[in-house]
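In what follows, a structure is listed as structure tokens, so that the remarks can point back to it.
The values are calculated or read from the model by the stated rules, or taken from the named source; none is laboratory data. On a predicted model such as this, the values are computed, not experimentally measured, just so you know. Neighbour counts are summed over all protein chains in view; Cβ atoms, including those assigned to glycine, are modelled from backbone coordinates with ideal geometry.
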Amino acid sequence: MTDYDAPELRLRVPHRSLIDGEWTALDGSTFAVTDKADDSELAHLPDATPDDVDAVMEGAWEGFLAWSQTPPRERANVLRRAWELIDERAEELAVLMSLEMGKALPDSRGEVAYANGFLLEYSERATRIEGRHAFHETSGGRILTQRDPVGPCVFVTPWNFPLAMGTRKIAPALAAGCSVVVKPPQQTPLTMLALAGILLEAGVHPKAVSVVTTTDSRHVTTAMIEHPRTAKLSFTGSTPVGRNLAEQGGKALLRMSMELGGNAPFLVFDDADVDAALEGAKVAKFRNGGQACTSANRFLVHEDVAEEFTAGLAKIADDLVLGPGTDEKTTLGPMIDDNAVDKVRELVGDAVERGANVVIGGLDEIDGRYVPGTILTSVPDDARILYEEVFGPVAPIVTFRDEDDAIRKANDTEYGLVAYAYTRDAARLLRLSRKLEAGMLGINTGLVSNPAAPFGGIKDSGFGREGGPEGLEEYLQQRYVAIPDPRD
């Protein structure tokens with residue numbers, strides 16, 4: 001146990017009911033949430049089953065009926081109050097995330113600030129939901145449109161950003177007037193429960209926010225998707241799981257948002273500011289230990305600057321400090337679980353077998369769940385790591401000759417979430433914005449996420465957007481009212 005594992009930290013996690021009473025599943029079963037640094041137990045939570053879902057969704061319907069009628073200014077004030085509470089408890093939430101997810105405290109602190117931005121963003125948009133009024137073109141009557149909340153929303157969130165993936169979905173939904181039911185992953189549910197407690201304390205209707213914890217994610221999620229009260233599904237996770245959920249949601253004719261896998265290229269052109277590119281690469285690759293869908297998965301570097309860039313990135317990787325996430329000295333925490341480590345071993349091993357060179361790090365330096373920053377060069381075109389998400393602190397570097405070669409290699413993937421490019425050529429910047437197949441593009445920056453901007457991908461990286469005004473639209477439905485000419 002770390003010094004941070006204090007009882008008062010855990011008691012701040014709200015032991016809310018799945019339904020209305022004690023915080024238990026119907027069958028009374030529980031599961032343990034562990035500290036990812038040493039596998040010690042942090043808490044035991046109810047292990048819900050599909051039998052719990054009906055009561056949860058009926059409660060969400062009651063919450064929707066009440067919350068959707070709450071005046072927009074009141075909804076805005078509640079979100080603003082939640083923003084204030086998170087700001088007051090930022091360090092506590094950061095420590096909680098570092099304990100249950102493993103990420104280094106600097107990354108956790110950054111996530112708290114980013115996550116809280118969504119509450120502020122949508123507190124300011126809740127009062128700006130508008131329709132339109134027009135005259136009928138022939139009859140003299142009126143055309144009235146309005147945008148109303150879609151209804152109860154089911155959110156399936158990932159383990160890698162336990163707070164931000166919650167607020168990014170919950171804040172716009174609550175601003176629109178929807179109720180929400182969140183199923184967090186079993187690895188990191190405590191942060192979501194803490195967020196739910198803060199929202200309730202801020203004044204959200206008691207049944208407008210619910211959290212369902214379970215180890216049976218597949219069947220519980222299916223039951224929520226198929227429940228007649230569910231109006232919207234939002235999922236963040238892998239593309240294979242997203243396909244299955246989208247198929248189920250399609251049968252139920254749900255509104256859906258899918259933020260799925262990525263294979264982000266990081267392009268460094270010969271005219272780039274290499275020092276700036278290295279700073280961007282540090283963020284795009286090693287933030288959150290590389291366990292992010294926006295993480296740079298492939299580094300495509302012009303052959304004229306490849307040697308300089310590789311040496312600089314190796315120095316960054318070498319300077320990373322491995323350790324428990326809650327240790328102030330740590331800059332690279334443990335991987336989330338053994339499966340994640342196995343995936344890194346598999347992809348790095350495949351690349352090396354095919355001829356890649358290990359500049360720093362590598363398989364021999366992996367210690368349990370601690371994977372060092374690893375740089376690979378001479379990665380052949382058929383290496384799996386160029387086509388599959390490594391989801392770890394591994395950077396494969398591939399060189400290119402010219403712009404067309406770089407774009408071809410960057411687009412050689414079924415994914416299209418985000419791309420990064422470093423260049424000082426304004427004309428090239430515009431060409432890249434049209435030719436790179438990605439829903440988001442970072443030019444001379446290694447960080448694209450912003451609460452005021454639409455986050456989302458194309459191709460096999462999903463559909464729908466989170467953040468900005470576009471994110472609010474995901475939770476609104478258009479209604480049209482025909483009004484006859486009052487003179488008739």
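Within the range 256-269, restricting attention to residues that are over 18 Å from the mean Cα position of the chain (by Cα) and assigned to a strand (DSSP E or B), which residue is surrounded by the most Cβ atoms within 10 Å (Cβ to Cβ)?
First, the residues of the range 256-269 that are over 18 Å from the mean Cα position of the chain (by Cα): 265-269.
Now narrow it down to the ones that are assigned to a strand (DSSP E or B): 265-268.
Values: 265: 27, 266: 26, 267: 28, 268: 30.
If we take residues in the range 256-269 being over 18 Å from the mean Cα position of the chain (by Cα) and assigned to a strand (DSSP E or B), then 268 is surrounded by the most Cβ atoms within 10 Å (Cβ to Cβ).
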Per the list (1) in contact (Cβ under 8 Å) with a residue 24 or more places away in the chain; (2) over 20 Å from residue 400 (Cα atoms), residue check on residue 342 breaks on (1)
Counting only residues in the range 74-99 that are crowded, with 24+ Cβ neighbours inside 10 Å and in contact with a Lys or Arg (Cβ under 7 Å, 6 or more places away or on another chain), the one farthest from residue 117 (Cα to Cα) is identified as 97
Quiz item: What do you reckon, is residue 329 charged (D, E, K, R) and outside any helix (DSSP H, G or I)?
Solution: yes
Scanning the range 120-156 for residues that are among the hydroxyl-bearing types (Ser, Thr, Tyr) and farther than 17 Å from residue 208 by Cβ, the one surrounded by the fewest Cβ atoms within 10 Å (Cβ to Cβ) turns out to be 138
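Scan the range 392-407 for residues that are more than 14 Å from residue 297 (Cβ to Cβ) and part of a loop (DSSP other than H, G, I, E, B) and report the count. Please lay out each step first, then the result.
Applying the first criterion (more than 14 Å from residue 297 (Cβ to Cβ)) to the range 392-407 yields 399-407.
Now restrict to residues that are part of a loop (DSSP other than H, G, I, E, B): 401-402.
Final tally of qualifying residues: 2.
Evaluate the following for residue 483: is it of a type in the set (A, V, I, L, M) and more than 14 Å from residue 299 (Cα to Cα)?
Numbers: of a type in the set (A, V, I, L, M): yes; more than 14 Å from residue 299 (Cα to Cα): yes.
So residue 483 fits the description; yes.
Can you tell me which of 432, 417 is under 30 Å from residue 254 (Cα atoms) and either under 25 Å from the mean Cα position of the chain (by Cα) or in contact (Cβ under 8 Å) with a residue 24 or more places away in the chain (or both)? Talk me through it step by step, then tell me what you get.
On the way: 432 fails: under 30 Å from residue 254 (Cα atoms).
417 is the lone residue from the list that is under 30 Å from residue 254 (Cα atoms) and either under 25 Å from the mean Cα position of the chain (by Cα) or in contact (Cβ under 8 Å) with a residue 24 or more places away in the chain (or both).
Could you go through the range 270-280 and let me know if any residue there is assigned to a strand (DSSP E or B), touching a residue at least 60 places away in the same chain (Cβ under 8 Å) and either in the same structural domain as residue 414 (by TED's automatic domain parsing) or over 28 Å from residue 108 (Cβ atoms) (or both).
Taking the range 270-280 first, the residues assigned to a strand (DSSP E or B) are none.
No, the conditions are met nowhere in the range 270-280.
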Being modelled with pLDDT of 95 or more and among the small types (Gly, Ala, Ser): is that true of residue 104 here? yes
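So how many residues does the range 433-488 have that are acidic (Asp, Glu), farther than 15 Å from residue 418 by Cβ and touching a helix residue (DSSP H, G or I) at 6+ places or on another chain (Cβ under 8 Å)?
First, pick out the residues of the range 433-488 that are acidic (Asp, Glu): 437, 460, 466, 470, 473-474, 485, 488.
Of the ones still in play, those that are also farther than 15 Å from residue 418 by Cβ are 470, 473-474, 485, 488.
Now restrict to residues that are touching a helix residue (DSSP H, G or I) at 6+ places or on another chain (Cβ under 8 Å): 474.
Adding up the residues that qualify gives 1.
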Note on the range 101-111: residues touching a helix residue (DSSP H, G or I) at 6+ places or on another chain (Cβ under 8 Å) and surrounded by fewer than 24 Cβ atoms within 10 Å (Cβ to Cβ) are 105, 109, 110
So, first residue surrounded by fewer than 19 Cβ atoms within 10 Å (Cβ to Cβ) in the range 454-474, second residue aliphatic (A, V, I, L, M) and not in a loop (DSSP other than H, G, I, E, B), Cβ within less than 7 Å, six or more apart or across chains; the pairs are 463/258
>> Condition check: of a type outside the set (A, V, I, L, M), surrounded by fewer than 17 Cβ atoms within 10 Å (Cβ to Cβ) and under 19 Å from the mean Cα position of the chain (by Cα). Does residue 243 satisfy that?
In response: yes
Per the filter on the range 46-68, residues assigned to a loop (DSSP other than H, G, I, E, B) and either surrounded by fewer than 17 Cβ atoms within 10 Å (Cβ to Cβ) or not small (Gly, Ala, Ser) (or both) are 47, 49
Being within 27 Å of residue 455 (Cα to Cα) and touching a Leu at 6+ places or on another chain (Cβ under 9 Å) narrows 343, 315, 285 down to just 285
Residue hits (the range 291-313; closer than 24 Å to residue 102 by Cβ and not polar (S, T, N, Q)) are 292, 293, 296, 313
Would a scan of the range 366-382 turn up a residue that is surrounded by fewer than 20 Cβ atoms within 10 Å (Cβ to Cβ), in contact with a Gly (Cβ under 9 Å, 6 or more places away or on another chain) and of a type in the set (Gly, Ala, Ser)? yes
